[in-house]
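Q: Supplied in structure tokens, the structure appears directly below.
We did not get these values from a lab; they are worked out from the coordinates using the rules stated. Source: prediction; values computed, not measured. Methodologically, a virtual Cβ is constructed for each residue, glycine included, from the backbone with ideal geometry; neighbour enumeration extends over all protein chains shown.
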Ligand SMILES: [Zn+2]
């Protein structure tokens, strides 16, 4: 063997090693879970177009959103799934996403639950304690949006589709009434000790109620109006909550902790296609949203359903 050939072999060997190192790196990179997980925020579903706004959407739009998530290969998880991944190494599906509903409206039971069940997806609903099962305000006369009952909450939870979580027992107030602050905020004339006692009492009350009536572990605290402060964060941690949710727009990196997580509001004013583009962009996925050129919603839904049937086969 001439010197040249020996040199060349050496170079090949080095290149081969470099190549296999590169391959190893590719494998380990792809097995690192992306902990930047989108959380979607919904509230109410209504068939009445006059009600559609930032927090109320049509059943059809919700269905379109869900079909799109499926087609884009998103897999819904709940917060406990993530905690089980982080603490016990239980693997997460690819492209995990979390769907949340606030307030506990009957429309969630009526429209959301069947659609999710049909599509094998899941969601977390944060309920307000006092209004469970009610369609009138505390005065018994002023109509409010109807809320699902404890029995319906339990049925949804037992199905494995819905996780029931905490949106305060009775701190979901606008602040117009001087007898209570806005959301979890401290009232102006209230001292710190009274404040701590008041919100602790409220939070413990609903936590115990959910655990008794529904039977699931309460670990997620959803701040009414997204209002929070240092004291409330300290208290919910002391009370065993592992997650807190705000209404701040965006996607949080779960590896930085599960408190004060951002969410993406799924408003009526933004069509499903636009929201999917936003989710993909925030999730750093450079992909196209199919059927965006189809103007008719029912036609898009039909196409999405066709596509999903093809994928299932
Ligand atoms: Zn709310």
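Q: Using a Förster distance of 22 angstrom, determine the FRET efficiency expected from the C-beta separation of residue 229 and residue 253, and round it to 0.05.
A: Using R0 = 22 Å, I get an efficiency of 0.45.
Q: Quick one: if the Förster radius is 35 Å, what FRET efficiency do residue 60 and residue 260 give, using the C-beta to C-beta distance and rounding to 0.05?
A: It comes to 0.60.
Q: How far, in degrees from 0 to 90, does helix 297-312 lean away from the longest principal axis of the Cα atoms of the chain, to the nearest 10?
A: So the helix axis and the longest Cα principal axis differ by about 50 degrees.
Q: Oh, and also: What is the extension gain from residue 51 to residue 36, computed as 0.36 nm multiplied by their sequence separation minus the C-alpha to C-alpha distance, in nm to one decimal?
A: So the extension gain works out to 2.1 nm.
Q: Ranked from highest to lowest mean number of other Cβ atoms within 10 Å per residue, what is the order of the peptides 141-148, 104-111, 152-159?
A: On the way: 141-148: 14.5, 104-111: 22.5, 152-159: 17.8.
Taking the mean over residues of other Cβ atoms within 10 Å, the ranking is 104-111, 152-159, 141-148.
Q: Given the C-alpha atoms of the chain, compute the convex hull and give its volume per residue in Å³.
A: 188
Q: 7 Å from Cα along Cα→Cβ at both residue 138 and residue 217: what's the point-to-point distance in nm?
A: Rounded to a tenth, the inter-label distance reads 3.3 nm.
Q: A further question follows. What do you get for the angle between helix 272-282 and the principal long axis of the chain? Use alpha-carbon atoms, 0 to 90 degrees, nearest ten.
A: 60
Q: Follow-up question, since we're still on this one. Can you tell me the orientation of helix 79-88 relative to the chain, as the angle in degrees between its alpha-carbon axis and the longest Cα principal axis, to the nearest 10?
A: It works out to around 50 degrees.
Q: Within 10 Å, count the other beta carbons around each residue, average over each peptide in 42-52, 214-224, 75-85, and list them highest first.
A: Result, highest mean Cβ count within 10 Å first: 214-224, 75-85, 42-52.
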